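Report on the following structure.
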Amino acid sequence: MLKPDACIFDLDGVIVETSDAHFKAWRRLAESLGISFGEEFNEQLKGVSRRKSIEKILALDGRKLPEEEIQRLMDKKNGWYQDAIAELAPDDILEGVPEFLEVLQEMEIPIGIGSSSKNAQYIIDYLQLNDTFEVIIDGTKVENTKPDPEVFLKGAKALNSDPSKTIVFEDAASGVEAANNGRFISVGVGSEEYLGDADLVIPDFIGLTPEKLFKKLSDK
């Protein structure tokens, strides 16, 4: 691969680490319902919408709740999460990411965000990255959540890129599946154990340049 049409990044766990804030908010919610919630189960919620996450938590003890109660719980969890992310700052951007994004810009490769989060714009604001991403497609702009590829397909359309020539960076198995379903080039950021279906898995962006990444993909 010489140069992709574009690069689309998931946000949580790829650009910035907010998983701990999510975990603590979900655990707090689950415990308020008397449901046991651990870190291993939390992995299943990465890249999953708020509603589906609630449904997964309730399914742990076969509980069903009326719609208005589910909405109340979603709002409560989101309030706790928003309190946590309001403390984010540019220094919280994951190591190696600013340099990687800067080189992509120098190479004039369009870059965007493809996130299931409905808080994506808030996070981008806190991180002061609005001038970095040409497109932000998040949970407020799609009907179908990952592993449906809608968020990435809309991102590619907005960036005027061919999915088969567009790299998607994801830290969640559902996100990798979404990228693969849309016939994108998928790069998992994290553990091979969880992201083995990606075209390429990298541990992080530390010391990684776009050129090195493109070569790794070409060698696959």
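Could you check the spin-label model distance between Tyr122 and Ala59? Points 7 Å from the Cα along Cα→Cβ, value in nm.
Each label point lies 7 Å from its Cα, and together they span 2.7 nm.
Per residue, how much accessible area does the chain show when a 1.4 Å probe rolls over the protein heavy atoms, in square angstrom?
50
With each label point set 7 Å from Cα along the Cα-Cβ vector, what nm distance links Thr209 and Glu40?
4.2
Based on the alpha carbon coordinates of region 1-99, what radius of gyration and maximum Cα-Cα distance (Dmax) apply, in Å?
16.1, 53
Students often check this: by mean Cβ neighbours within 10 Å, which of 167-173, 8-14 ranks highest, and how do the rest follow?
167-173, 8-14
Could you look at the chain and say what percent of its accessible area is carbon and sulfur, using a 1.4 Å probe and all protein chains?
Roughly 45 percent of what the probe reaches on the chain is carbon or sulfur.
Where does the charge balance sit around Asp10 when Lys and Arg score +1, Asp and Glu -1, over other residues with C-beta under 11 Å from its C-beta?
Net local charge, Asp10 excluded: -2.
Which sequence of Tyr126, Tyr81 reflects their accessible areas, 1.4 Å probe, from the largest down?
Descending order: Tyr126, Tyr81.
For a 20 Å ceiling on Cα separation, which of these pairs sit above it: Lys46/Lys216; Lys46/Lys118; Lys76/Lys146?
Over 20 Å Cα-Cα: Lys46/Lys216; Lys76/Lys146.
Tell me whether region 76-220 comes out rounded, prolate or oblate; compute the Cα gyration tensor, take square roots of the eigenvalues as a ≥ b ≥ c, and use a/c under 1.5 as the rounded threshold.
Rounded.
So if we plug the beta-carbon distance of Ser32 and Thr140 into 1/(1 + (r/R0)^6) with R0 = 22 Å, what FRET efficiency do we get, rounded to 0.05?
It comes to 0.25.
Would you give the gap between the C-alpha center of region 1-59 and the C-alpha center of region 164-189, rounded to a whole Å?
17
Along each of its three principal axes, how wide is the spread of alpha-carbon positions in region 109-186, in whole angstrom units, largest first?
Ordered largest first, region 109-186 gives principal extents of 31, 24, 21 Å.
Accessible area of Lys212, 1.4 Å probe, to the nearest 10 Å²?
110
Relative to the Cα centre, what is the charge dipole magnitude of region 109-214, using +1 at the beta carbon of each Lys and Arg, -1 at the beta carbon of each Asp and Glu, and rounding to the nearest 20 debye?
320
Roll a 1.4 Å probe over the protein heavy atoms and report the accessible area of Ile202 in Å², nearest 10.
Around 10 Å² of this residue is reachable by solvent.
Residue by residue through region 82-93, what is 3J(HN,Hα) from phi via Karplus (6.51 cos²θ - 1.76 cosθ + 1.60, θ = phi - 60°)? Round to whole Hz and write x for glycine and proline.
These are the phi-based 3J(HN,Hα) values: 4, 4, 6, 6, 5, 8, 5, 8, x, 5, 8, 4 Hz.
Excluding ligands and nucleic acids, what accessible area in Å² is computed for Ser191 using a 1.4 Å probe, to the nearest 10?
The accessible area comes out at roughly 50 Å².
Run the dipole for the chain about the Cα centre, Lys and Arg Cβ at +1, Asp and Glu Cβ at -1, nothing else charged, and hand back the magnitude in debye, nearest 20.
In total the dipole reaches around 760 debye.
The values are calculated or read from the model by the stated rules, or taken from the named source; none is laboratory data. These numbers come from a predicted model, not from an experiment. Every residue, glycine among them, receives a Cβ derived from its backbone with ideal geometry; neighbour counts consider all protein chains shown. Note: areas computed on protein heavy atoms with side chains; ligands, DNA, RNA excluded. Shrake-Rupley method; radii C 1.70, N 1.55, O 1.52, S 1.80 Å.
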